[in-house]
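So the structure is just underneath, and the comments pick up after that.
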Amino acid sequence: MVLNITLPQLDKEKKAKDLVISVLAMNYPLSSKKIYNEIKRRFGYSVTYQAIHKSVLQLLEQGVLVKEDKEYSINMQWIDELINFVETMKENYETHKKYPFGIVDMQTSENMQMIVFSNFLGAELFNLKLLDKYCTNTQNKEPFCAHLQHIKRPIFQSGQAFQTLRIFKKTEKKKYILIRGDTFIDRWSADFYDGVFKCIFGVDIAKVYETYIYGDTVSQLYIPTEISKKIDFLYNNAKRIEDIKVPKIYNDIYEKKRRVQLLIYKNMEIAEQLRQKTLSYFDSSDASPQPL
């Protein structure tokens, strides 16, 4: 339901509506004439009776006022709707302030966090922020490793991708990625990061979730099956970058409301095992990948 709310405005017609509601909030029921007289007495506002009567009729039509006999009062149903609207808005703003990135739920234990996002975009941005933070911290010595379904950032988040590229080119930390996909789009995206990431394509990993290893911390991004299938279809069928219609896809894949989970845990042993598994696909010189 779209709620009609009269808010303070500069134009006279809107101002008249505000004054009508202000009068009826304190004294009711009143006729149009009495409302007009109260506005003149209490606010000294220069307005004609015709303008006030017109505003009263408009508010009546909008459901803000109700009429009994020839007198008007504020509609209690409208008041209830207004209260619900304001409370919902307040809750949304407080939630966003407390939990950015569209976080709707968070469960934390000693060494583990389960974060639930309202859409895929929030989960991706949050996880990639962890990557940016880890790779730019000179105290972190271990290489960054990841197991991905596809490389997505240069396609769907080009602005952030360029920023990441500039930052990572200034760091010496090594970064290794195993990619399940092996398509033109995957390889184009890898070329975008040429000299920053070392990649191997077509690896049988990341079927249910993508894995990111930061030192002693591992994050697992559980990508909804619906999203995985849509991205797979796009990447497998695109023959050139222009084949991917980013605005429409961005709305359908990244911004559409759906719960997306990200699991983050600290475990040095597991992190090291995953890191060594990743590095085993690359030769000892770190210069070129081993044949699969």
Determine whether Leu121 is modelled with pLDDT of 85 or more, surrounded by 10 or more Cβ atoms within 10 Å (Cβ to Cβ), touching a helix residue (DSSP H, G or I) at 6+ places or on another chain (Cβ under 7 Å) and not β-branched (Val, Ile, Thr).
yes
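For every residue, the table says whether it meets (1) among the small types (Gly, Ala, Ser); (2) in contact with a strand residue (DSSP E or B) (Cβ under 6 Å, 6 or more places away or on another chain); (3) surrounded by 15 or more Cβ atoms within 10 Å (Cβ to Cβ).
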residue: Lys207; (1), (2), (3): no, no, no
residue: Ser228; (1), (2), (3): yes, no, yes
residue: Val260; (1), (2), (3): no, yes, yes
residue: Ile264; (1), (2), (3): no, yes, yes
residue: Met268; (1), (2), (3): no, no, no
residue: Gln276; (1), (2), (3): no, no, no
Closer than 27 Å to Lys133 by Cβ, surrounded by fewer than 18 Cβ atoms within 10 Å (Cβ to Cβ) and not β-branched (Val, Ile, Thr) - does that describe any residue in the stretch 230-238?
no
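Please go through the stretch 160-191 and pick out each residue that is of a type outside the set (Val, Ile, Thr), in contact with a strand residue (DSSP E or B) (Cβ under 8 Å, 6 or more places away or on another chain), at pLDDT 90 or above and under 22 Å from Ile244 (Cα atoms).
Arg180, Gly181, Asp182, Asp186, Arg187
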Restricted to the stretch 241-270 and to residues being more than 16 Å from the chain's Cα centre (by Cα) and in a loop (DSSP other than H, G, I, E, B), the residue nearest to Lys141 (Cα to Cα) is Asn267
Within the stretch 140-159, is even one residue assigned by TED's automatic domain parsing to the domain that holds Gly195, surrounded by fewer than 21 Cβ atoms within 10 Å (Cβ to Cβ), part of a loop (DSSP other than H, G, I, E, B) and modelled with pLDDT under 70?
yes
Return the residues of the stretch 220-265 that are touching a helix residue (DSSP H, G or I) at 6+ places or on another chain (Cβ under 8 Å), within 22 Å of Ile205 (Cα to Cα) and free of Cβ contacts under 8 Å to residues at least 24 places away in the same chain; say none if nothing qualifies.
Lys230, Asn237
For Thr225, are the conditions met, namely being more than 26 Å from Tyr134 (Cα to Cα) and assigned by TED's automatic domain parsing to the domain that holds Met112?
yes
For a quick check of your reading: which helices (runs of 4 or more DSSP H) sit entirely within the stretch 1-101 and have at least 1 residues that are of a type in the set (Phe, Trp, Tyr), at pLDDT below 70 and under 30 Å from Ala123 (Cα atoms)?
76-98
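The values are calculated or read from the model by the stated rules, or taken from the named source; none is laboratory data. Nothing here was measured: the structure is a model prediction, and the numbers come from that model. All Cβ positions, even for glycine, are placed from backbone atoms using ideal geometry, and neighbour counts span all protein chains on display.
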